[in-house]
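Structure, as structure tokens:
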Amino acid sequence: MIIVWAQAHILTLLTFLPMVGAFFILLLPKKEFNSIRATALGTTLVVLALNLWAYFRFQGIPDFEFQETVAWIPAFHVYYRLGVDGVSFLLILLTSFLMPIVVLSSWRDIEHRVKEFFFLMLILQTGMIGTFAALDFFLFYVFWEIMLIPMYFLIGVWGSGKRIMAAFKFVLYTMVGSVLMLVAILYGYFKTGQSFYLLDWVQASFTHQEQIWMFLAFALAFAIKVPIFPLHTWLPDAHTEAPTAGSVILAGVLLKMGTYGFYRFAMPLFPEAVVKFGPFILTLAVIGVVYGSLVAMVQKDLKRLVAYSSVAHLGFVILGLFALNQIGVQGAVLQMLNHGLSTGALCLLVGMVYERRHTRLIADYGGIAKVVPMYAFFFVFVTLSSIGLPGLNNFVGEFMVLLGIFQAKKIFAIVAITGVVLSAVYMLWAVERVFFGKINHDANRSLKDLKWREVCVLVPLCVAMIWIGVYPQPLLKKISASTENFLKLTTRTTTLSLRSPEGRSNLPLCQMEVASSLRSSQ
């Protein structure tokens, strides 16, 4: 009976268990640091266990799975609607996988306001999972905004250096996009007969002009979150000044909210706008790939180098999505996961050495592989993953994206390949300067190698990188049907789309088929 109930409400459990854990933390005395940490770790491990349990019951069919629908504010047609397809479920799994690692990595790093820190981390997890699971625009927007508040405080309170400025910049950029998205959501609500339901929007007949303006509103909000060049300027500051845990969550999960938003909302709902703006967004993405790589190459701060590498790597995700073919989109989705693992691991490694030396400047290191060989091994391994070494995770995703974009627009693929080469240059050059050569600073001679806790944090990430690099098929199978539906909806204007005399987009046959298929599971 309990198992049946849990399976029927698995998304609710995954979404709100972290919040329950957060309120348990509130009940604990402020000085009970170990109890607070143990509660946070236990909560995130339970969520991960439930997510793995759901993974083996997830079928990867075209319908949304694990759907839950409850009337929330019936007078305004607001419903509590949750459901996942292969892509959203994969991102929820990434979130659940990273959170225990983040909690464990912060075990001794956070000594100031421990209770508040772990409370906010768990609230943030609820916001992230809810964002990926929501099928109602009102609910989606609530979760989207819930994420903003904890992240602001994580950067502003536990960050370093110019943390207040970085936190304010993060909020300002995000709020600008959020306000525009809210306007578009309210317009769509009245346009669809007062419905916030995603599938009602799929079947709505938005005019060409409406699609253009609504796409721009959604796309700007998501482009800021990705971030797409030139809307990326908040990221290096927020990423650099955030505490290690905040950097891991920011790079590993929060940036994926933007790419997920394009996948779930902006592209399939407004296909005519995709046709109009697709080449422009592809151009910005490929500029981001090259620009992010070139700027990363000249960074003196390790964390800023990782931040600019994210601009480049997520440019690949956008290229794959807007390639509008199966291999490109699947590669983009896989690359969302890969970036979360590799860049998350890099953030952890930078944080570990910063804890020992209290500097992130590359020039302050040199030759430390002789002193901390285990740390050097993990850093080099993750670097090889990040640059796409065959046999590791990023190679699969980048290769699929390049194949997809080559089929769609060869010139973009050719330029993007230079980004792959440049990523190897700036990452391997950083490794050479940090780990090899002579030890130029006496402080580096007394560095201590990794502790068992730090090894426990890194090993699961490295195992996942190898597994995806060697055998990605189980994950690709889970997302295959979802990406097919995405392509049917996003490319429908180029197949069966017709125009009515009034200028409205008639709902094409493929759109009706997809919407009917998705509704059949309810």
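A short reminder: the numbers here are calculations on the coordinates, not readings from a lab. Just so it is clear, the model here is predicted, and its values are computed rather than measured. Glycine also receives a Cβ, built like all others from the backbone with ideal geometry; neighbour counts cover every protein chain displayed.
Assorted remarks:
- Cα-centre dipole for the chain with unit charges at Cβ (Lys and Arg positive, Asp and Glu negative), debye to 20: 900 debye
- For the stretch 144-160, the Karplus equation 6.51 cos²θ - 1.76 cosθ + 1.60, evaluated at θ = phi - 60°, returns couplings of 4, 6, 4, 5, 5, 5, x, 5, 4, 6, 4, 6, x, 9, 9, x, 10 Hz by residue, with Gly and Pro reported as x.
- Karplus-derived HN-Hα couplings along the stretch 322-339 (A = 6.51, B = -1.76, C = 1.60, θ = phi - 60°), whole Hz, x at Gly and Pro: 7, 5, 6, 9, 4, 5, x, 5, 4, x, 5, 5, 5, 5, 4, 5, 4, 5
- Built amide H within the under 5 Å cut-off of residue 78, gap 5+: 72, 73
- On full extension, the segment bounded by residue 276 and residue 374 gains 30.2 nm, given 0.36 nm per residue less the C-alpha separation.
- Estimated vicinal HN-Hα couplings, Hz - the stretch 428-437 in sequence order (Karplus 6.51, -1.76, 1.60; Gly, Pro = x): 5, 5, 5, 4, 4, 6, 7, 9, 10, x
- Shape call, the stretch 70-171: gyration tensor on alpha carbons, a/c limit 1.5: prolate
- Inter-site label distance for residue 300 and residue 4 at 7 Å from Cα along Cβ, in nm: 6.7 nm
- Working value for the chain: equivalent-ellipsoid semi-axes of 37, 27, 20 Å, each the square root of 5 times a Cα gyration tensor eigenvalue, largest first.
- Folded to 0 to 90 degrees: helix 114-133 orientation relative to the chain principal axis, Cα: 30 degrees
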